[in-house]
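Working notes for the structure below.
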Amino acid sequence: MLNDCKGKVALVTGAATGIGRSCARALAQAGAVVIATDIDQKGVEETASLITEAGGTARALVQDVTQEDVWQDIIKNIKAQEGKLHVLVNNAGIAVGASITEMSLDDWQRQIAINLDGVFLGCKHSIPLMTESGSGSIINISSVAGLRGTPGLSGYCATKGGVRLMSKAVAVECANNEWPVRCNSLHPGVIDTDIWGREIAGIAENNPDMVAPGGNRIDVNLVAMAVPGGKPGLPDDIANGVVYLASDASSYVNGTELVIDYAMTAR
Ligand SMILES: NC(=O)c1ccc[n+]([C@@H]2O[C@H](COP(=O)([O-])OP(=O)(O)OC[C@H]3O[C@@H](n4cnc5c(N)ncnc54)[C@H](O)[C@@H]3O)[C@@H](O)[C@H]2O)c1
């Protein structure tokens, strides 16, 4: 059946809020057993509770995606408890806005560690268990910023562009090795989540048109003016794409990029 994830075990990182929480809920609704992880313990436990209250199956684990030993523990834990792993959504990510001439090396490296090292470690440690499980689908959350440049977001663009090509390389390598694991990148456009009120606020100086008069933070509704139609998307718009890529409905979709941006990059 289309978009059916029954019998699948899915790990979603950065699942305490925003797109990650929506992905975890949608995968559970499609029948998957979900392991939701995040550095935010309270948020991720709330995600798991929301799923179980709705009749799904989920549990929460605390995970910092930058730590290799933590990835090893998470995969061991899933192997011991669920016995298999079929889906990995590498969603955890941050965006630090700053002009290229002002961005600190610390901010650059923090983005690389979470957005790129985290995705690399997820692929590295999930593929063996997915192979043992008989099938796998890795969905790496990139961005429209992985397709084209945005002023004030050079570090973020570097990580998201890296995720895009890493995903293709992983797809080809798995196929060549006859590992039954697919790997695709997903590129959200402007999605209404808390990310716009966090460090991304630093791009305000480079993009004054994205700040409401009298404010000092990025306003997602102003950013969405760059989207044909002028509206931001919702986390569920991305989660629906994730469920498709996780399910067997996409079994011949591999090494590609799914852009969900309401034509933002179409012109
Ligand atoms: N919202 C958008 O417009 C948009 C657009 C394109 C791409 N994205 C991407 O989608 C993903 C989710 O973004 P969102 O908008 O839901 O953001 P968000 O800020 O709402 O959620 C990000 C989550 O990642 C978690 N996280 C941060 N650092 C972590 C770490 N080291 N280890 C584990 N978890 C960590 C946070 O605690 C948070 O729960 C990110 O990769 C982001 O780059 C978002």
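The values are calculated or read from the model by the stated rules, or taken from the named source; none is laboratory data. Predicted model only: the values in this text are computed from it and were never measured. FYI the Cβ positions are ideal-geometry reconstructions off the backbone, even for glycines, and counts take in every protein chain you see. The protein model used for the area step is the full one, side chains on, heavy atoms only, and it has no ligands, DNA or RNA in it. Shrake-Rupley method; radii C 1.70, N 1.55, O 1.52, S 1.80 Å.
Here Gly31 passes the criteria (1) touching a Lys or Arg at 6+ places or on another chain (Cβ under 6 Å); (2) in contact (Cβ under 8 Å) with a residue 60 or more places away in the chain except the one numbered (2).
Set side by side, the residues Glu82, Glu46 differ, and just one is more than 16 Å from the ligand (Cβ to nearest atom) and either more than 20 Å from Gly134 (Cα to Cα) or at pLDDT 95 or above (or both), which is Glu82. Within the range 49-72, restricting attention to residues that are near the ligand (Cβ under 10 Å from one of its atoms) and buried (at least 22 other Cβ atoms within 10 Å of the Cβ), the residue that is nearest to Lys124 (Cα to Cα) is Val65. Restricting the search to helices (runs of 4 or more DSSP H) fully inside the range 15-127 and requiring at least 3 residues that are farther than 21 Å from Ala246 by Cα and out of contact with any helix residue (DSSP H, G or I) (no Cβ under 8 Å at 6 or more places or on another chain) gives 41-53, 68-81, 105-111.
Here is a yes/no grid of residues against (1) near the ligand (Cβ under 9 Å from one of its atoms); (2) open to solvent by 10 Å² or more (accessible area, probe 1.4 Å); (3) of a type outside the set (Val, Ile, Thr); (4) within 18 Å of Gly118 (Cα to Cα):
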| residue | (1), (2), (3), (4) |
| --- | --- |
| Thr131 | no, yes, no, no |
| Ser135 | no, yes, yes, no |
| Tyr156 | yes, yes, yes, yes |
| Val163 | yes, no, no, yes |
| Ala171 | no, no, yes, yes |
| Ala175 | no, yes, yes, no |
| Glu178 | no, yes, yes, no |
| Asp194 | yes, yes, yes, no |
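Scanning the range 87-116 for residues that are within 23 Å of Arg164 (Cβ to Cβ), modelled with pLDDT of 95 or more and more than 13 Å from the chain's Cα centre (by Cα) returns Trp108, Gln109, Arg110, Gln111, Ile112, Ala113.
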